[in-house]
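Here is the structure we will look at.
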Number of protein chains: 2
Amino acid sequence: MMSDLPKRVQINEEGPREGFQIEKGPISTERKVELIDALSETGISQIQTVSFVNPARVPGWADAEEVVRRFRAKPGVRYTGLWLNDKGLKRAIATGKLFIKGSISLTASEKFLGRNQQRTLAENLEAQRGMIALFKENNVPIERGSIMAAFGCNFEGDIPAKRIVDMVGQILDLGQEHDLNIKLISLADTMAWATPQGIYRVVGAVREKYPDLELSLHLHDTRGMAIANAFAGLHMGVAMYDSTVAGLGGCPFAAHAGGAGNVCTEDLVFMLHEMGIETGVDLEKLLEVARLAEDIVGHPLPGSLKTGGSLNVLRQKLQAA
Amino acid sequence: MMSDLPKRVQINEEGPREGFQIEKGPISTERKVELIDALSETGISQIQTVSFVNPARVPGWADAEEVVRRFRAKPGVRYTGLWLNDKGLKRAIATGKLFIKGSISLTASEKFLGRNQQRTLAENLEAQRGMIALFKENNVPIERGSIMAAFGCNFEGDIPAKRIVDMVGQILDLGQEHDLNIKLISLADTMAWATPQGIYRVVGAVREKYPDLELSLHLHDTRGMAIANAFAGLHMGVAMYDSTVAGLGGCPFAAHAGGAGNVCTEDLVFMLHEMGIETGVDLEKLLEVARLAEDIVGHPLPGSLKTGGSLNVLRQKLQAA
């Protein structure tokens, strides 16, 4: 049953970007930098720090450039940012401090696309040619694709696994057409429709057709399934996960359905370590950062381990006693 | 990978008993009864209602008899209570309204036993003879055994799977010695040491030696692993779970490590239904009860689905549109 478990998992921490975008705040630039600097000391090797979006629409990220300017870049850690268009990409590049990689980004739900970008699936696919040209103009390497709403959509319902397999094919075709080497596909459970069974269904179908492709999962915990979904992903050989410290990205107690955060980094790292899977992360340091995140946002965050405590500390105490 | 998944799962709801024992309250008898009555309408077939413990030690259950007297017993639902000794058992029987079953109850951690009951493993095993006699005196059938701290202990650390297998054997031997037919063993993760891997390890070892024995799991969510542990249990063929509506039994934000509640009933039922596993439970009604539970205790409870919402309601809306 456990033959496909990876030996090592790569964690992409997205707490700062996901969290500060949704928090009412205001949260000072200084405290945002404090969280990023603390995460840098945990052994996490990739941190998504900020979002280069329109400050009029996302006031929480009006200070994106200032945050990037001020955090201490630790050698060996890749710092990334999020952008959604040409302008955002140029802002990210202009910082001179971020790890910039392009992506071919599809969305599995036509209705979601229609609402958010006023595009059909075909138009969105076509629009990726423009993005690829933009990345090339800016010397940004493109080695990954991503599919949003890969497990279901609040506006369209369940998404057939076949559509995801076809979209992976479209991404690879586009890559070939533009002489790219697409190595990784990220499947995002944007609206928290995934269940462990859904992970088996979709990831299984993709792996069957593309056994050599590296996959990563972006999971939300809105319906309490995130850790179980990650566990199912591990069984399907997925060795890369986006996650957020303390489950930043939304508070399940704010009564805004769909607003709950990503899978919680420290809960995920705990499960991985207990399974004997390496992450390179110091769990005890990470737990301190989770408590710091709670202090910064000023309200409880959903992660469990920051309250429950890790087992290794207990084991060490028992051995010493 | 999914060959052992059960087709149907039995949910034992323990929210009232677990919840009202730990809540600071005071919570009125009326509202306790309201929760039990609401649970009775969800299709759940077994509800642990109250605890017959010393009111001086657990004031939240000083009104146990009154709660039992007042709830409406719905035909087809088994209402149970918890007791820890002779006196409690007699109080439970005296209500005339509860489903009374005996259990051979062992604890896997000698240190935990020593702290709580001042007994060694051997003394505790011996004490079970007294309990069996007590059950027989009171015409209480004994068809199950249970093992507390089956996955680890805060005072002893990891528990070897072999010890659990041996204890199952001790329970079956005791049963044989007393002409009992022990059909079910409940494994309790009393201090939340279980991880999905631990479930595979322990449950796998028990199943290998006793393939025909029915198993049930009692899981806590202190470290965020409860749903993933239940998922692992399903893969090991476990078809019975204790759970609490809304995750009653402790609030992860109360900063008392180890105090987080059981696996949340509605989150578990949601996962089961999405896996095509029947429970007989009406999930939408259960979600209303979860919100009622929050109203009764007066603070947020840990379950996710009561905020995130189920998928079937969304699916129906989309089909109707």
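The values are calculated or read from the model by the stated rules, or taken from the named source; none is laboratory data. Here the structure is a predicted model, which is why all the values come from computation and not from measurement. Heads up, the Cβs are rebuilt from the backbone with ideal geometry, glycines too, and the neighbour counts pull from every protein chain shown.
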*Scan region A:280-300 and give yes if some residue there is within 19 Å of the chain's Cα centre (by Cα), in a loop (DSSP other than H, G, I, E, B) and over 15 Å from A:L39 (Cα atoms), otherwise no.*
no
*Residues B:G157, B:G152: which one is in contact with a helix residue (DSSP H, G or I) (Cβ under 8 Å, 6 or more places away or on another chain) and surrounded by fewer than 21 Cβ atoms within 10 Å (Cβ to Cβ)?*
B:G157
*Note down all Cβ pairs under 7 Å where the first residue falls in region B:97-125 and is loosely packed, with under 15 Cβ neighbours inside 10 Å, the second is of a type in the set (D, E), and they're at least six residues apart or on different chains.*
B:K101/B:E143; B:T120/B:E110
*asked:* Can you pull out every residue in region A:103-159 that is touching a Cys at 6+ places or on another chain (Cβ under 7 Å) and farther than 20 Å from A:R201 by Cβ?
replied: A:K111
*Identify the residue in region B:162-173 that is under 15 Å from B:L121 (Cβ atoms) and over 20 Å from the mean Cα position of the chain (by Cα) and, among all such residues, is farthest from the other protein chains (Cβ to nearest Cβ).*
B:D173
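Any idea which of B:V50, B:V33 is on the phi < 0 side of the Ramachandran plot, in a helix (DSSP H, G or I) and at pLDDT 95 or above? Steps first, answer last, please.
On the way: B:V50 fails: in a helix (DSSP H, G or I).
Within the list B:V50, B:V33, the selection yields B:V33.
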_Any hit, region A:194-215, residues being in contact (Cβ under 8 Å) with a residue 60 or more places away in the chain and of a type outside the set (K, R)_ = no
*Given the residues A:K74, A:K101, which is the only one that is basic (K, R), farther than 30 Å from B:S310 by Cα and out of contact with any Pro (no Cβ under 7 Å at 6 or more places or on another chain)?*
A:K74
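When you go through B:F52, B:F112, B:F99 one by one, which is the residue that is within 14 Å of chain A (Cβ to nearest Cβ) and touching a strand residue (DSSP E or B) at 6+ places or on another chain (Cβ under 7 Å)?
Values: B:F52 fails: within 14 Å of chain A (Cβ to nearest Cβ); B:F99 fails: within 14 Å of chain A (Cβ to nearest Cβ).
Exactly one of B:F52, B:F112, B:F99 is within 14 Å of chain A (Cβ to nearest Cβ) and touching a strand residue (DSSP E or B) at 6+ places or on another chain (Cβ under 7 Å), namely B:F112.
Per-residue answers, yes or no, for (1) within 17 Å of A:K7 (Cα to Cα); (2) within 11 Å of chain B (Cβ to nearest Cβ); (3) in contact with a Pro (Cβ under 8 Å, 6 or more places away or on another chain); (4) surrounded by 24 or more Cβ atoms within 10 Å (Cβ to Cβ):
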residue	(1), (2), (3), (4)
A:G261	no, yes, yes, yes
A:D267	no, yes, no, yes
A:E274	yes, yes, no, no
A:I277	yes, yes, yes, no
A:V289	no, no, no, yes
A:L301	no, yes, no, yes
_Within region B:198-207, take every residue that is within 18 Å of B:L5 (Cβ to Cβ) and out of contact with any strand residue (DSSP E or B) (no Cβ under 9 Å at 6 or more places or on another chain) and give me the one that is farthest from the other protein chains (Cβ to nearest Cβ)._
B:G204
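If you go through region A:5-30 one residue at a time, how many are of a type in the set (K, R) and part of a loop (DSSP other than H, G, I, E, B)?
Of all residues in region A:5-30, those of a type in the set (K, R) come to A:7-8, A:17, A:24.
Retained after the next criterion (residues that are part of a loop (DSSP other than H, G, I, E, B)): A:7, A:24.
Qualifying residue count for the region: 2.
Tally time: how many residues in region A:174-183 are exposed (fewer than 13 other Cβ atoms within 10 Å of the Cβ), at negative phi and over 21 Å from the mean Cα position of the chain (by Cα)?
Quick first cut of region A:174-183, residues exposed (fewer than 13 other Cβ atoms within 10 Å of the Cβ) only: A:176-177, A:179, A:181, A:183.
Checking which are at negative phi leaves us with A:176-177, A:181, A:183.
Within this subset, residues satisfying the condition of being over 21 Å from the mean Cα position of the chain (by Cα) are A:176-177, A:181.
Number of matching residues: 3.
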*Residue in region B:303-321 that is surrounded by the fewest Cβ atoms within 10 Å (Cβ to Cβ), counting only those that are within 20 Å of the chain's Cα centre (by Cα) and not in a helix (DSSP H, G or I)*: B:S304
_From the options A:A122, A:A205, residue that is of a type in the set (G, A, S) and in contact with a helix residue (DSSP H, G or I) (Cβ under 6 Å, 6 or more places away or on another chain)_ = A:A205
*asked:* Testing A:T244 on (1) facing chain B (nearest Cβ under 9 Å); (2) under 14 Å from the mean Cα position of the chain (by Cα), one condition comes back false. Which one is that?
replied: (1)
*Among the numbered conditions (1) of a type in the set (A, V, I, L, M); (2) in contact with an Asp or Glu (Cβ under 7 Å, 6 or more places away or on another chain); (3) at pLDDT below 95; (4) closer than 21 Å to B:G25 by Cα, tell me where B:A290 comes up short.*
(3)
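If I filter region A:8-49 down to residues being small (G, A, S) and closer than 30 Å to A:V203 by Cβ, which single residue comes out as nearest to the other protein chains (Cβ to nearest Cβ)?
Filtering region A:8-49 for residues small (G, A, S) gives A:15, A:19, A:25, A:28, A:38, A:40, A:43, A:45.
Now restrict to residues that are closer than 30 Å to A:V203 by Cβ: A:15, A:19, A:43, A:45.
Numbers: A:G15: 16, A:G19: 17, A:G43: 20, A:S45: 23 Å.
It comes out as A:G15.
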_Positions within region A:127-159 being free of Cβ contacts under 8 Å to residues at least 60 places away in the same chain and within 14 Å of chain B (Cβ to nearest Cβ), in sequence order_ = A:A149, A:F151, A:G152, A:C153, A:F155, A:E156, A:G157, A:D158, A:I159
*Of everything in region A:208-227 that's among the small types (G, A, S) and buried (at least 24 other Cβ atoms within 10 Å of the Cβ), which residue is nearest to the other protein chains (Cβ to nearest Cβ)?*
A:G224
*Looking at (1) more than 26 Å from A:L215 (Cα to Cα); (2) within 14 Å of another protein chain (Cβ to nearest Cβ), can you tell me which one A:L5 breaks?*
(1)
*asked:* With the requirement that a residue be over 22 Å from B:Y210 (Cα atoms) and surrounded by 19 or more Cβ atoms within 10 Å (Cβ to Cβ), what does region B:133-149 give you?
replied: B:F135
